[in-house]
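Quick one: the structure is below, and I'll ask about it shortly.
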Amino acid sequence: MYKVANWRAVALICGLSTAVAVWATPLAHLDHHSLTGHMIQHLLLMTISAPLIVLAVSPLTLGRRLPNLVLCWLAGTACVIFWHIPAIFEFAMRSEWCHQVEKATFLAAGILFWWPVLREWRPNGGRPLQWPIALYLFLATLPCDALSAFLTFCGRVVYGMYSCGVVPSAASALRDQERAGSLMWTWVTFAYLVPAVVIAMRTLSGQPRCPQLRHSQ
């Protein structure tokens, strides 16, 4: 029990530290210089900070009932799509309060998204999650892949603020946008599909629920 509690404390510290890095370090200002910096911030919040915070929270706090998968999936997907609509994106980048709300929304949406995936996970073993969770993760890659493919291959600068001011030219802004799209594509593929494959393999193997706990009883 002590080891589990200690592990959860480490996860919480790492999750909160990642969030603080996005808000209160030089990393916080990268998104005004490049779309790649902007993408790094949101990926850190949604795929590093959020799942670590979920892992740190007691399953008793999160509840034993499986949360609504559709609601959690939509929260993660809608957040990504909504904040990348050009008009909304540029307004948020020019409004400090809206920019902070945007970051908070990414963290909250990430927590909701990972909640059904990680609610039963234990460092010493847990029940194998079933096919709906593997499918849930696989389907979550599709909207992100569509957005990242669009940013990578559209051939024009989507967010005009990056083609003037800090970025020296439209050509540089376009290359930055292509890097951001490629980064999102690669990062999300690993962050979502690797757990999906692991869950599918555990489900196929028929791993019994909490084998270590059962032997210790």
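Select from region 76-122 the residues that are β-branched (Val, Ile, Thr) and over 12 Å from Pro51 (Cα atoms) and list them in ascending order.
Those that are β-branched (Val, Ile, Thr) and over 12 Å from Pro51 (Cα atoms): Thr77, Val80, Ile81, Ile85, Ile88, Val101, Thr105.
Here's another thing I want to ask about it. Mind checking which pairs have a first residue in region 175-188 that is within 11 Å of Arg156 (Cα to Cα) and surrounded by fewer than 17 Cβ atoms within 10 Å (Cβ to Cβ) and a second that is of a type in the set (Asp, Glu) and modelled with pLDDT of 95 or more, Cβ under 9 Å, 6 or more apart or different chains?
Close Cβ pairs satisfying both conditions: none exist.
Consider only pairs whose beta carbons are under 7 Å apart and that are at least six residues apart or on different chains; among these, list those whose first residue lies in region 33-56 and is farther than 17 Å from Thr77 by Cα and in contact (Cβ under 8 Å) with a residue 24 or more places away in the chain and whose second residue is of a type in the set (Ser, Thr, Tyr) and not in a helix (DSSP H, G or I).
Short answer, once both residue conditions are applied: Leu35/Tyr159.
The values are calculated or read from the model by the stated rules, or taken from the named source; none is laboratory data. These numbers were taken from a predicted model, which means no experiment stands behind them. Ideal geometry is used to build each Cβ from the backbone, glycine not excepted, and the neighbour counts take in all protein chains shown.
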